[in-house]
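Some notes on the structure that comes next.
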Amino acid sequence: MMANPLRSEVVRLYKHLLYLGREYPKGSDYFRDRLRAAFTKNKSVQDPEQIKAMVARGEYVARELEALYYLRKYRAMKKRYYEE
């Protein structure tokens, strides 16, 4: 079984990514299915170092998604106020 602190980190990351997936351009269902497949594929990993590396990669993906959303909102706001 996975160590308790790592399990809570993985669950927290999954929930955070699921929350971010609500605004995904291809739709939340598409994002949720891909997210579930990625986590299911790696559920048998037992090595704590590998798990930490995967969590770090997931946090990087979350930051990239947030940047994508901020950029999209910025472009939409800029389009409303300025002629191009």
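The values are calculated or read from the model by the stated rules, or taken from the named source; none is laboratory data. The structure presented is a predicted model; accordingly, all values stated were derived computationally and were not measured. No Cβ is skipped: glycine too gets one built from the backbone with ideal geometry, and neighbour counts run over all protein chains shown. For accessibility, only protein heavy atoms count, side chains too; no ligands or nucleic acids. Shrake-Rupley method; radii C 1.70, N 1.55, O 1.52, S 1.80 Å.
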Stretchable slack from Ala37 to Arg22, in nm (0.36 nm times residue separation minus alpha-carbon distance): 3.7 nm
Rounded to 10°, Cα long-axis angle of helix 4-20 versus longest principal axis of the chain: 20
Highest-first arrangement of 54-62, 34-42, where packing means the average Cβ count within 10 Å: 54-62, 34-42
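Give the carbon-plus-sulfur fraction of the accessible surface of the chain in %, rounded to a whole number; probe 1.4 Å, heavy atoms of protein chains only. Numbers along the way, then the final one.
On the way: 3810 of 7020 Å².
The computed percentage sits at 54.
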Relative contact order computed over the chain (Cα-Cα under 8 Å; 6+ residues apart), in percent: 36
Whole-Å distance, taken between Cα centres, linking segment 15-29 and segment 34-74: 12
Distant alpha-carbon pairs in the chain (separation over 14 angstrom), percent: 69
Lysines with Cα under 30 Å of Lys78, excluding same-chain neighbours fewer than 8 positions away: Lys26
Nearest-20 debye value, the chain charge dipole, Cβ charges on Lys, Arg, Asp, Glu: 260
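Can you compute the helix-only [θ] at 222 nm over the chain? Use -39500 (n - 2.57) per DSSP H run of at least 4 residues, normalise by all residues, nearest 500 deg cm²/dmol.
Details: 3 runs with 65 residues, N = 84.
Estimated from H runs of four or more residues: -27000 deg cm²/dmol.
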